[in-house]
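Data block below; observations after.
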Amino acid sequence: MNQKRLAKFVALFLSVGLLVTACGGGAKPAENTPAPAAAAPKEVAIGAIYPLSGPSAVAGKDLTNGVTLAMEIINGQHPELDLPQAKWKGIPNLGNAQLKVVFADHQADPNKGKSEAERLITQEKVVALQGGYNSAVTAAIAPVAERYEVPHLNADSTSPSLTEQGFKYFFRTTPHDGSFVENAYQFFDDLKKAGTIKGTEKIAMAMEDGLWGQDTAKSAKALAGKNGWNIVEEIAYSSKAANVDAEVQRIKAKNPEFVMMASYGPDAILFLKAFKGMDVNPKLIWGNDSGFVDTQFIKTLGKDAEYLVSREVWANDLAAKKPIIGQLNTLFKSKFGAELNGSSARALQGTLVLADAINRAKSTDPKAIQAALKATNLGAGDIVMPWKGIKFDEKGQNTLGAGIIVQVQNGAYTTVWPFDVAAGKLVYPIPAWKDRK
Amino acid sequence: MTGVVLTQAILSGLLWGAIFALIALGLTMIFGVMDIVNFAHGDFLMVAMYVAYTANAYLRMDPLLAIPLVAGLMYLLGIVVYRYIIKRVLEAPSVAQITVTFGLGIAFRALAHFVFSADYRQVQHPWVEGRVQFAGIVLGAPELVAAVGALLMTALLYWFITKTETGWALQAVAQNKQAAALMGINVDRFFGVAWGLGLGALGVAGALLANFYYIHPDVGAIFGGIAFVTVALGGFGSIQGALVAGLIIGLVESLAGVFISPQLKYAFVFSIYLLVVFIRPKGLMGTT
């Protein structure tokens, strides 16, 4: 009897919880949507499909917040911001029509993404789509947009294959996973040009033996050959190993100048401790995000995390060289109580790019907007992201995007590359363990 | 060059081997005395590491200084776990025993997640840090301390089992419960002592490991798996067997990793184990 009552109570509790989540997921973005001004002659609607509920809901909130701030910048007036769209009040070339966003929730489910894309295009008559963060969902949305000939701008999915499908209406502003590894070599090349390194450095790779680590290893190996870098050791290790002494000994035996790594949290920690324990002193350690930018990484390793270099997509310290980042971060914080991060900043940028294309198209015809997107040519000064600009190749991939490279300095991640946006100077070579305090 | 690399590989292999052996001690002991395979062994190690961490974080106690404390608390935990949980399934089919210890492990892991969250922890300012260097060979100082501690602890436990009256009683219980009871040995009490000693030894391992290893609710899974192979290789219930097997596993892991392929190092460890099981199913020094 008691147990039955308990079960009923739990069931009730769970359904109430679900209901609240569902309502929260649905209602929140609608609230954030700027109400169409009654006096506006007309409005242009775009659709944004993001994971508002479900396992990726945390990112979904960041993403919709980014889009919401972009709408405010486009429709309102922010003369203090150094962005072309900040001076607008609506879309200038469409008689200051207000831009409207219709949010849809895909719950990280490709099927939902697909049906929501259809609904937005056929029922809500959106002129363009933005979304969907989870690469698998983005891959389901893109064919729908292609079929209806409506442009689909993706600002936040990094699977390289997305731009390999031959779609004409798909445009991606963010760099993809392959280009993050490419960035590492560009970074090395830039160091060579600056005279910091000779270019004859030996590289050892230590990457976990799962899909992600081995994909990184594959790109790193292929690109090393192309760029004339010398890989002297390739280690695929189990991220569940109890210790990595043997791996580190192999690295030590080859005495490489650079170590390139793809590691999750625990193994990143084990490796750095083993480097210290066995007195391995490479001049540079590059990590592919993940374990190296984990919030626990610096906290756990303390001073031993110093000087590690990792790739990233966003850092708020970029504000020093690019004031717009600081201004937007302040604005974002006051509105949403959180810092701009890689997700919100990229989504914001995506909406700004769509608005720019709609403005240049001087039309609400999706085909005209697609043509305008193809002709997009934004410089570093016109955008928020720390990139050289935005310009799409024939596959729809932005060719001017780039990851950034950060280095742990005084217990915080400091942007050290690209050099023109860097907030700090790269410490190279990293001091030997015995010379550290 | 190769000479140095080889020596280095052998020495670091032996260091880790001694640590693996110490972790396996408790497991082999509990099995030897009462024929119960404790699937929560890795998770008990995790608990011991968190005890050492807590002593360090809140009482500013060095993990090495905390060894008696951790071992003592783990001894008590062993007695409690035996008295209130294991005792109830002593006569139950072994599937029930496995389920109980397995569930216990999950419960401890969930508890650790709840209390300490999934953050990686690390003891602060341990006494022993840095490394020992000689003739081109580098060994981590805390690892060296842990290995020496592991050897001492193994010797101590071996002495205790073979030279003291309690040890003899434990051996008697292990050999034949009924006969031991007839000789006036309180079997129930010595089962409890076996759990206490087993987890106490594990407590020493946990404190030595916490001195340099990261601490996480899932850290037990990594060492628990190796502990099972160690016990099976050395022979269920054999203390000397666990020591020899631990050292072999450490050596194979290190040599295969350095000279063959890091990706395959565990494959070699398990192959050696398979080989022994085929040729000598009771393990290297097993008696049953």
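Here, each number is a calculation from the coordinates, and none is a lab measurement. Just so you know, these numbers come straight off a predicted model, no measurement behind them. A quick note on method: Cβ atoms are made from the backbone with ideal geometry, for glycine too, and the neighbour counts reach across all protein chains shown.
Computed extension gain for B:Y158 through B:Q133, at 0.36 nm per residue and net of the alpha carbon distance, reaches 5.9 nm.
Where Rh denotes the Kirkwood radius from the mean inverse Cα pair distance, what is Rg over Rh for chain A?
1.01
Semi-axes of the equivalent ellipsoid for the stretch A:301-423, computed as √(5λ) from the eigenvalues of its C-alpha gyration tensor and ordered from largest down, come to 31, 16, 11 Å. Taken along its three principal axes, the alpha carbon spread of the stretch B:69-135 comes to 55, 30, 26 Å, from the longest extent down to the shortest. Straight-line reach from A:K333: taking Cα to Cα under 18 Å and skipping same-chain neighbours fewer than 8 places apart, the lysines in range are A:K28, A:K61, A:K322. Summarising the overall dimensions of the stretch B:15-58 from its C-alpha atoms, the Rg and Dmax are 12.5, 38 angstrom. Sequence-distant contacts, meaning Cα pairs under 8 Å at least 6 residues apart, place the relative contact order of chain B at 38 percent. Taking Cβ atoms as reference points and 15 Å as the exclusive limit, the residues near A:D190 contribute a net charge of +2, counting Lys and Arg as +1 and Asp and Glu as -1. Of the trypsin sites (Lys or Arg not before Pro) in the stretch A:133-196, the ones in a loop by DSSP (not H, G, I, E or B) with at most 16 other beta carbons within 10 Å are A:K168. Within the shell of other residues whose beta carbon sits under 11 angstrom from the beta carbon of A:T174, the net charge comes to 0, with Lys and Arg scored +1 and Asp and Glu -1.
Loop-located GluC sites (Glu not before Pro) in the stretch B:84-183 (DSSP state not H, G, I, E or B) with no more than 12 neighbouring Cβ atoms inside 10 Å: B:E91.
Volume per residue of the convex hull around the Cα atoms, evaluated for the stretch B:89-176, comes out as 214 Å³.
Could you please tell me the mean projected area of the C-alpha convex hull for the stretch B:192-288, averaged over all directions and given in square nanometres to one decimal? Please list the in-between numbers first.
Numbers: hull surface 29.3 nm².
Result: a mean projected hull area of 7.3 nm².
When exposed loop sites are taken as GluC sites (Glu not before Pro) in a DSSP loop with at most 11 other Cβ atoms within 10 Å, the longest stretch of chain A clear of them is A:81-393.
Of interest is the spacing of the C-alpha centroids, which for the stretch B:268-285 and the stretch B:9-53 amounts to 19 Å. Based on alpha-carbon centroids, what's the gap between the stretch A:142-193 and the stretch B:126-197 in Å, whole number please? Rounded to whole Å, the Cα centres lie 59 Å apart.
Using C-alpha pairs under 8 Å with a sequence gap of at least 6, the mean separation divided by the residue count of chain A gives a relative contact order of 16 percent. Over the Cα atoms of chain B, Rg to Rh with Kirkwood Rh, two decimal places? Expressed as Rg/Rh, it is 0.97.
The residues neighbouring B:G130, those whose beta-carbon lies less than 10 Å from its own, together hold a net charge of +1 under the Lys/Arg +1, Asp/Glu -1 convention.
Between B:L90 and B:H125, take the C-beta separation as r, use R0 = 56 Å, and let me know the FRET efficiency to the nearest 0.05. Write down the numbers at each step before the final one.
Details: r = 44 Å, r/R0 = 0.79.
Step by step, r from the Cβ atoms, then E = 0.80.
If R₀ is 41 angstrom, what is the calculated FRET efficiency for the pair A:F419 and B:L65, using the beta carbon separation as r and rounding to 0.05? Here the calculated transfer efficiency is 0.25.
Take the Cβ atoms of B:L111 and A:K362, set R0 to 45 Å, and the FRET efficiency comes out at 0.10.
Given the Cα-Cα distance of A:A222 and A:K437 and 0.36 nm per residue of separation, how much length would full extension add, in nm?
Length gained between A:A222 and A:K437: 73.6 nm.
The chymotrypsin sites (Phe, Trp or Tyr not before Pro) of the stretch B:84-169 that meet both conditions, a loop assignment by DSSP and at most 12 other Cβ atoms within 10 Å of the site Cβ, are B:W127. With contributions of -39500 (n - 2.57) from each DSSP H run of at least four residues, the per-residue ellipticity at 222 nm computed over chain A stands at -14000 deg cm²/dmol.
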